[in-house]
Structure formats: structure tokens, C-alpha cells
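Structure record follows, encoded as C-alpha cells.
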Amino acid sequence: MNSFRLVIILTLINCLSLQAQLLEKLKERAKEKGLQVKEVSYDSTAVNRGFEEEEIPEIKSPRDFYNNDVVMALYNNDILVQTAFFDAETIAMRTEQVSNPKPIYHDDQGKFYAYNKDKGQYETIKLLPASNMGFMTAGITTQAYKLPPEPYFNAYKTLEELGSGLNFLILELAFIYKPSHFTNNDYYIQETVTCINSSTCTRFNYNDPEYPDSYIQFDNQGRLNELYINSTNPKLKDEPKGKFVFSYRPCTVKIPDAVEQSMIPGPLGKIINLEKGLEPWKHNKKDEQKN
């Protein structure tokens, strides 16, 4: 697990850099729309305050948002790579990989669970609180996959207020995007296609030379049906790409018993408590107030 932790730490550092870049882009977009932008330090509750155009259904709990079981299969060159199963009741995902006999699990609190074959047990690591993980996922996903950022950040903000997050590695797109997010958008070209069971689907082809033949597709009920990503963009170098196929059928996911691991091992892990987020002093103040 040591080399695995190193990869995660490096990924986290890259995400923090991306986070700063993303905030700058969001401020630029807000200014272009004539919205007032205040200079603030990083605060997850401040994200996307300038983008309130989209009407969001009332969500009182995470289950109001995660309201369907979903299966997402990833194909690369028509070869199945992995299948993810999302259980809306437990708000958890199981990912079965063709190359790995033991599934990987994710929950809505930002934890993932991987099997350590050397120790013969599942281990879990929580990189950051669900809200911070959701913010990073939002930044990486919308930029790398060239998706409209406002719907993603609106969903992120809503879930953050409920103590949940967007931590399901592309599958969460099924709960975020609708055809209306891509209609009359110069970045996409709309067409009607025949999809599974000879039904009609609405496809939005990417209008970007770095994403040849890429598209996002919705079924006749407005549900995400397929996402095909083929790109020369270096931002996608380490991200899953290929054809993601979404279907909606009952799933059962049970998180396995697991041994908690610190991303930063040893005494340093107690000093740098990443579970309290990027601004731990805010949590310390709350703890003092409780006491």
C-alpha cells in the first residue's frame, strides 16, 4: 500500500493546483456574465455562487439526489474494462474490473475500499471530507471531459450542504446532466440516433478537434445513456476514457468490513489530519464551540 499511497498523495497535490486554476476560471466566467465577484480565500461553500441560473429540484437528503440504481460499463475498443454498480439505497458503488478479481468500493463520504492481497483484507482510505473530494472531482471531470461546469457545481454545492459528496468516478454524471444542459450550446452538435431496443436517443457530438467522434447521449426519458470520450487532450492522460454505457436496473452494494488506513502513515498522519479538510482550523473552532 506504500506505493499506492504515494500515487494518491501526488494526485492530491495535482488536484490542489487544479483547484486554484478552476476557481480563477469560474471567476472569469462570472465576470463575463456581468456578475460581481469577490476575492475570497478557498472556501467550499463559496464555490459557484455566481452560477445560479439552473433551477435545481428541492433536495432534502442525499437520497433525493441519488434516486436511481445505476450500472455503468466502460468499454475500450469495444472490450469491457470494468462495470460499476451503484446502489441508491446505500449510496455506495462497487466496481468490478476485468483485470482484478476483488471489487473496489466507494461511498458518499469520500472513502474507497480496496483489497490488499498481501494482508488478505480490505483496507479503506479517506483522502478528504466528502465535500472537498466532490469539489476536486467536479474540477477534474468537467475540465477533462469537456462538460458544462454549472450543473456539476450546483450538484456539488447542494450535496455539500447535506454532508454528502460526488465521489463516484463518472457514474455521478447520471444524476447531474440532462439534455437541456447541451441544447443550443456551440460546443456540441445535436442529432437524433437509434439506440438500444430501437428506441430514439438524443446525441450531442463534441464540436472540438481535440475530441474527435466524442459524444454524450440521452435516452427517450432524458437519462444519460452513453458517454464516448476519444481525445488527444493531455488532461485526459490519467483519466478513464472510452465508451461509458449507462443502464438503470436494481443493484445491491454492501460495503465490506475494512481496516482504516491513514493516507499519511505514522505520527505525521495525526498532525496533518486531512479528514478535517483543507482548512482544519475551521473544524477546530467548531470543536471548541461544541465543548
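The values are calculated or read from the model by the stated rules, or taken from the named source; none is laboratory data. Because the structure is predicted, anything quoted here is derived from the model rather than measured. Ideal geometry is used to build each Cβ from the backbone, glycine not excepted, and the neighbour counts take in all protein chains shown.
Scanning region 159-186 for residues that are β-branched (Val, Ile, Thr) and out of contact with any strand residue (DSSP E or B) (no Cβ under 8 Å at 6 or more places or on another chain) turns up just one, ILE176.
Across region 189-207, the number of residues qualifying as outside any strand (DSSP E or B) and touching a Cys at 6+ places or on another chain (Cβ under 9 Å) comes to 1. Selection within region 55-67: residues that are touching a helix residue (DSSP H, G or I) at 6+ places or on another chain (Cβ under 9 Å) and exposed (fewer than 14 other Cβ atoms within 10 Å of the Cβ). The member of this set that is modelled with the lowest pLDDT is ILE56.
Within region 208-219, the residues that satisfy the criterion of being more than 11 Å from LYS146 (Cα to Cα) and either free of Cβ contacts under 8 Å to residues at least 12 places away in the same chain or outside any loop (DSSP other than H, G, I, E, B) (or both) are PRO209, GLN217, PHE218. Considering the conditions (1) loosely packed, with under 15 Cβ neighbours inside 10 Å; (2) under 24 Å from ASP64 (Cβ atoms); (3) in contact with a Gly (Cβ under 9 Å, 6 or more places away or on another chain), GLN109 is excluded by exactly one of them, (1).
Taking (1) buried (at least 18 other Cβ atoms within 10 Å of the Cβ); (2) modelled with pLDDT of 95 or more; (3) under 20 Å from ILE176 (Cβ atoms) in turn, PRO103 satisfies each apart from (3).
The set of residues in region 206-232 being out of contact with any Gly (no Cβ under 9 Å at 6 or more places or on another chain), surrounded by fewer than 17 Cβ atoms within 10 Å (Cβ to Cβ) and farther than 18 Å from PHE175 by Cα consists of ASN207, ASP208, PRO209, GLU210, PRO212, ASP213, THR232.
Going by what's in this entry, would ALA92 be described as modelled with pLDDT of 95 or more, hydrophobic (A, V, I, L, M, F, W, C) and out of contact with any Ser or Thr (no Cβ under 8 Å at 6 or more places or on another chain)? Taking the combined requirement at face value, the residue satisfies it.
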